[in-house]
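The values are calculated or read from the model by the stated rules, or taken from the named source; none is laboratory data. Quick caveat: nothing in here was measured; it's all calculated off a predicted structure. Backbone-built Cβ (ideal geometry, glycine too); neighbour counts: all protein chains shown.
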Amino acid sequence: MKILVTGGAGFIGSHVVDIYIDNGFEVVVVDDLSTGRISNLNPKAKFYQLDIRSEKMLDVFRSEKPEIVNHHAAQMDVRRSIADPLFDADVNIIGAIKLAELSRKFGVRKFIHISSGGAIYGEPEYLPCDESHPVYPLSPYGASKFTFELYLYLYKENFNLDFTILRYANVFGPRQDPYGEAGVVAIFTGLMLKNEFVKIFGSGEQVRDFVYVSDCARANLIALEHGSGQAYNLGAGIGVSVNQIFEHLKNITNYQISAVYEPPKPGETFRIYLDAEKAKVELNWVPEVSLNDGLRKTVEYFKQTEVEL
């Protein structure tokens with residue numbers, strides 16, 4: 001079976017490519033390398049350096065004829081979505097619709113879409129958030145991610161394009177960019193290993209649900225054959241504050257400097273964690289890597305590959 005993975009040179013997408021290839025699938029990667037890295041790319045994958053909005057995507061579908069599309073490519077920066085909502089919508093809605101159209105035209109069997117469990121629900125009415133929680137996003141990013149979910153329901157109803165939606169919590173682990181605008185674990189780890197000041201935006205009491213990247217990759221493997229027409233939260237179901245993450249990483253890295261607190265970022269939910277019971281029951285998926293083990297694995301990776309000590 002041939003699988004097209006958009007964003008397959010990125011942090012999470014590259015782990016998904018790896019698990020697909022390890023399980024014997026043929027993988028084609030499309031990535032514009034705006035945030036992805038060639039070094040993340042599995043050498044057994046066929047690679048096209050393209051923006052998903054490019055007209056050349058037609059040629060990719062025509063020549064490769066994938067049976068599955070796994071869509072990880074995205075504009076994923078909450079702050080950029082607020083500063084430039086048109087760009088966010090162009091990538092996350094228009095770009096995704098173009099992929100759905102190509103999938104319909106070329107007979108793709110299933111579309112696996114990566115959405116955001118941390119951004120679409122907004123400030124929760126109850127915790128943990130299950131998939132039935134009202135959707136009131138606080139950022140264009142959250143709105144764009146959920147909007148394309150609605151399009152997938154339309155494509156299944158009208159064109160018989162099957163889908164599974166995976167709503168990630170805060171994913172962390174190896175290959176996350178320590179120099180980016182998102183990914184508190186990677187950013188803190190990179191700064192701590194270089195003994196530089198760590199900035200915390202807001203009080204640090206913001207609560208998130210942290211899930212290790214290998215657990216998310218495994219869900220993408222399961223979704224190839226399960227979860228038809230459904231959306232699933234993927235998270236640990238445990239709220240952890242940014243201050244707690246700081247303290248955990250401080251202990252692991254032997255960092256000695258106090259955090260610097262700055263004003264909060266606009267558009268971000270203050271407190272959220274996810275109920276992943278539906279994934280447990282229907283996909284037989286539960287996170288297997290604990291927070292502490294995941295943080296230690298991440299720090300070890302960064303010591304070896306990301307940070308010059």
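When each of GLY7, GLY13 is tested for being surrounded by 18 or more Cβ atoms within 10 Å (Cβ to Cβ), in the same structural domain as HIS113 (by TED's automatic domain parsing) and on the phi > 0 side of the Ramachandran plot, the lone residue that passes is GLY7. Inside the range 129-160, can you point out the residues that are assigned to a loop (DSSP other than H, G, I, E, B) and of a type in the set (Lys, Arg)? Matches in the range 129-160: none.
The one condition from (1) part of a loop (DSSP other than H, G, I, E, B); (2) buried (at least 22 other Cβ atoms within 10 Å of the Cβ) that VAL27 does not meet is (1).
Could you say whether any residue in the range 192-215 is of a type in the set (Asp, Glu), part of a loop (DSSP other than H, G, I, E, B), touching a strand residue (DSSP E or B) at 6+ places or on another chain (Cβ under 8 Å) and surrounded by fewer than 19 Cβ atoms within 10 Å (Cβ to Cβ)? Scanning the range 192-215, I find at least one residue that is of a type in the set (Asp, Glu), part of a loop (DSSP other than H, G, I, E, B), touching a strand residue (DSSP E or B) at 6+ places or on another chain (Cβ under 8 Å) and surrounded by fewer than 19 Cβ atoms within 10 Å (Cβ to Cβ), so the answer is yes. Scanning the range 139-151 for residues that are more than 14 Å from ALA74 (Cα to Cα) and either within 18 Å of the chain's Cα centre (by Cα) or assigned by TED's automatic domain parsing to the domain that holds GLY267 (or both) turns up just one, SER139.
Being among the aromatic types (Phe, Trp, Tyr) and part of a helix (DSSP H, G or I) is the filter; apply it to the range 281-302 and report the residue that is surrounded by the most Cβ atoms within 10 Å (Cβ to Cβ). Within the range 281-302, the match that is surrounded by the most Cβ atoms within 10 Å (Cβ to Cβ) is PHE302.
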